[in-house]
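Quick notes on the structure that follows.
Read-outs: derived from the displayed coordinates by stated rules, not from any lab. Note that the coordinates shown come from a computational prediction; the quantities given were computed from them, not determined experimentally. Backbone-built Cβ (ideal geometry, glycine too); neighbour counts: all protein chains shown.
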Amino acid sequence: MKFTKLLALLLVVVMCFGMFAACGSKDEDQNKDDTKVIKMGTNAAFPPYEYKEGEKFVGIDVEIANAIAEKLGMKLEIVDMEFDSIITAVNQGEVDFGMAGMTVTDKRLLEVNFTSSYATGVQVVIVKEGSDVKTPDDLTGKKIGVQLGTTGDIYACDDYGKENVTQYGKGADAIIALKGGDVDAVIIDNEPAKAFVAENQGLVILDTEYAVEDYAIAVKKSNTELLDKINDALEDLTTDGTIDRIIAKFIKAE
Ligand code: GLN
């Protein structure tokens, strides 16, 4: 009798432990789900794709990324960094993806995977009003300002020689250099170019486009699961018109 009682007690104790353990793990899972964060690496100095209004990150990429995160049932966290550091941050797992008006290039494709493209970018040339630079061909022998590590930087070095190119950490700093006469032209993506020209009197964008490119999201090569999930989300957001709506909100038709 005593033995049976002891056995029953032991059974109760074991069951309680089991229940606690089960509850514990359920709670943990729930917590994880509630706070599942997806991190985006960007350079928030690239209007209208990503920039800051006070402390808040805003722009086309920010809104598309939020819509993607929502589709994945996750919470978006934005990590602001130099444009040139984004691919490294993606590969080191510091962020889950990079989204920064980032152009798909063959060289970058060796380092990361890109999702399908969600927008088109154009490299343009900004000069001072009245400049003798009228087309990209006139840039030969001129001093060119670019943003470090961007396609504008890469193409300008290839086409006009590294010695003629000055690299700035931010596009806005290249614009200051142009206004101050340190460089004769700035090569940068068309939408930020429009924003910079609107903010700074006496600057114009050349009519001739320098290069047309595709923007996409960078994901670590080994993380094909996330790549597929983002591509699915992008497809849905394209089909239901969300991407067009977000782009139209920030880029007014001319
Ligand atoms: N589209 C350009 C690139 O990918 C510039 C991007 C940026 O400066 N954020 O290099």
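Helix-only mean residue ellipticity at 222 nm, the chain, DSSP H runs n ≥ 4 weighted -39,500 (n - 2.57), per residue, nearest 500. What is it?
Per the formula, -13500 deg cm²/dmol.
Mind ranking 56-65, 107-116 by how tightly packed they are, going by the mean number of other C-beta atoms within 10 angstrom, highest first?
The packing order, highest mean first, is 56-65, 107-116.
Taking Rh as the Kirkwood radius, which is the inverse of the mean 1/r over Cα pairs, what is the Rg/Rh value for the chain?
Values: Rg = 25.1 Å, Rh = 20.6 Å.
For the chain, the value is 1.22.
Set the bar at 30 Å for Cα to Cα. Now go through 107/229; 107/249; 71/252; 107/143; 36/221; 107/179 and name every pair that lies beyond it. All intermediate terms of the calculation are to be shown ahead of the outcome.
On the way: 107/229 24 Å; 107/249 32 Å; 71/252 26 Å; 107/143 25 Å; 36/221 21 Å; 107/179 32 Å.
From the list (107/229; 107/249; 71/252; 107/143; 36/221; 107/179), the Cα-Cα distance tops 30 Å for 107/249; 107/179.
Residue-wise, which Karplus ³J(HN,Hα) couplings in Hz belong to the range 116-130, taking 6.51 cos²θ - 1.76 cosθ + 1.60, θ = phi - 60°, and x for glycine or proline?
Per-residue couplings from phi come out as 5, 6, 10, 6, 9, x, 10, 7, 10, 10, 9, 9, 7, 3, x Hz.
How much length, in nm to one decimal, is gained on full extension between residue 244 and residue 201, taken as 0.36 nm per residue of separation minus their Cα-Cα distance? Don't skip to the end; give the middle numbers.
Details: separation 43, 0.36 × 43 = 15.48 nm, distance 3.03 nm.
Taking residue 244 through residue 201 to full extension adds about 12.4 nm, to one decimal.
What length, rounded to one decimal in nm, is gained on full extension from residue 94 through to residue 120, with 0.36 nm per residue of separation minus their alpha-carbon distance?
6.7 nm
With both partners inside the chain, how many of the DSSP beta bridges are antiparallel, as a percent to the nearest 5? Don't skip to the end; give the middle numbers.
Numbers: 22 of 36 bridges.
The answer is about 60 percent antiparallel.
Cα centroids of the range 181-210 and the range 82-148: how far apart, whole angstrom?
Going from one Cα centre to the other spans 15 Å.
Please list, ordered by chain and number, the residues whose modelled amide H lies under 5 Å from the amide H of residue 217; skip anything fewer than 5 residues away on the same chain.
115
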